[in-house]
Amino acid sequence: MAVSPPRLPDLPLNALRAFEAAARLGGFAAAAAELGVTPGAVTAHVKQLEAVLGAALFVRGPRGVELTPLGARVLPDLTAAFDALAHAGQRLRAEARPRQVHIATLPAIAQLWLSPRLPALRAAWPEIAISITAMEAPPNLKRAGFDLCLFPSAEQGFVLAEDWLFPVCAPGMAARLRRVEDLAEVPCLTDASWREDWALWLAGQGVAVVPRGPVFSLYALALEEAVNGGGVLMGHSALVERHLAEGRLVRPFAHELRLPRALRLWSARPLRGTEAAARVAEGLRAPR
């Protein structure tokens, strides 16, 4: 009677995924951020994989982790395998829902630049469903299921809008500002992600002003506080254009600073082999 040989158990997929991300990104915290889990979960998965293998994949030290020779040898194959798996998953989703377009962007861009443009996109292509995910940094498009990325960048993608810096405030607040030095007497609002904005703009003024005021975790909140007369905000041109056009904000000073980055649109792959993402990209590139 034929005897089937015993089948070796498969290595745990989640553990392999955690190891690959930690090895590629250089740490458990970065892997956790990409995978959407806690660093403790990544640590547990890697320990599980090492236990199953009976071999170490990382050397733990006071300054972090380093790959062992074994870990370094297997990483390229695992990265290629997970990239291929992600690509296959993206293709499945795309062909299952060919009229859905998923955009990743910054929270401020989603609220202040992209949202006002959605009605025109829906009117032009009512059959296309557009979904938006707000995040603080561009995703790994080889792994994430996004069709388009919309982020400030110095070089990647199609330029949708240049990024100019200049102070903005409500008209009543502007009446109190005659000189740049007057900024020392009013609240200067700051976005937590762009803390350097005030220093960059003031560097070109030659004025020793130390801006003081509250820091906001969301740019849209800081912008609303400026509209309500709560202080002066360093405006990013693409994000404050509508408020300036409607007169809710004004520019108290003429000086503006062009940043090396710009608001750019890109995709890391052909636009899903369908026309939906290409049409949305075309609509976003069209001048208003």
**Fill in**
A student asked for the Cα radius of gyration and Dmax of the stretch 13-93 in angstrom ought to give 12.6, 43
**Message:** Report the Cα centroid-to-centroid distance between the stretch 174-190 and the stretch 85-157 in angstrom, as an integer.
**Reply:** 38
**Request:** For a footprinting-style exposure proxy, rank M173, M234 by other Cβ within 10 Å, fewest first.
**Result:** M173, M234
**Asked** Which length gain, in nm to one decimal place, applies between A124 and A30 when the Cα-Cα distance is subtracted from 0.36 nm times their residue separation?
**Response** 29.9 nm
**Prompt:** Say a paramagnetic label sat at a point 7 Å from the Cα of L13, along Cα to Cβ; which residues of the stretch 68-93 have their backbone N under 17 Å from it?
**Reply:** 78-93
**Listed residue (A72, H243, A32) projecting farthest to the positive dipole end of the chain, Cβ model** = A72
**Complete:** Residue ranges of DSSP H helices in the chain that stretch 30 Å or more (Cα, own long axis) and have mean Kyte-Doolittle hydropathy of at least -0.5 are 69-96
**Complete:** Between R261 and T79, the FRET efficiency computed from the C-beta separation at R0 = 35 Å comes out, to the nearest 0.05, as 0.80
**Prompt:** Which ordering of H236, H243, H87 is given by a fewest-first count of other beta-carbon atoms within 10 Å?
**Reply:** H87, H243, H236
**Item:** Dipole magnitude of the chain about its Cα centre (Cβ charges: Lys, Arg +1; Asp, Glu -1), debye to nearest 20
**Value:** 480
**Item:** Label-to-label distance, nm, for residues given as E275 and H87 (7 Å Cα→Cβ offset)
**Value:** 2.6
**Asked** Where does each of T43, T79, T190 land when they are ranked from fewest to most other beta-carbon atoms within 10 angstrom?
**Response** T79, T43, T190
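Mean 1/r over all different Cα pairs, inverted: what Kirkwood radius does the stretch 137-238 give, in Å?
15.2
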**Item:** Residue among P12, P119, P171 with the largest mean-square fluctuation in a Gaussian network model of the chain, springs linking Cα atoms under 10 Å
**Value:** P12
**Asked** Given H placed on each backbone N at 1.01 Å, which residues far from C188 in sequence or on other chains put an amide H within less than 5 Å of it?
**Response** R212, G213, V232
**Message:** To the nearest 20 Debye, how big is the dipole of the stretch 13-93 about its Cα centre, given +1 on the beta carbon of each Lys and Arg and -1 on that of each Asp and Glu?
**Reply:** 80
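Laboratory data are not the source of any read-out in this text; all were calculated from the coordinates shown. Given the structure is predicted, the values throughout are model-derived calculations rather than measurements. Neighbour counts are summed over all protein chains in view; Cβ atoms, including those assigned to glycine, are modelled from backbone coordinates with ideal geometry.
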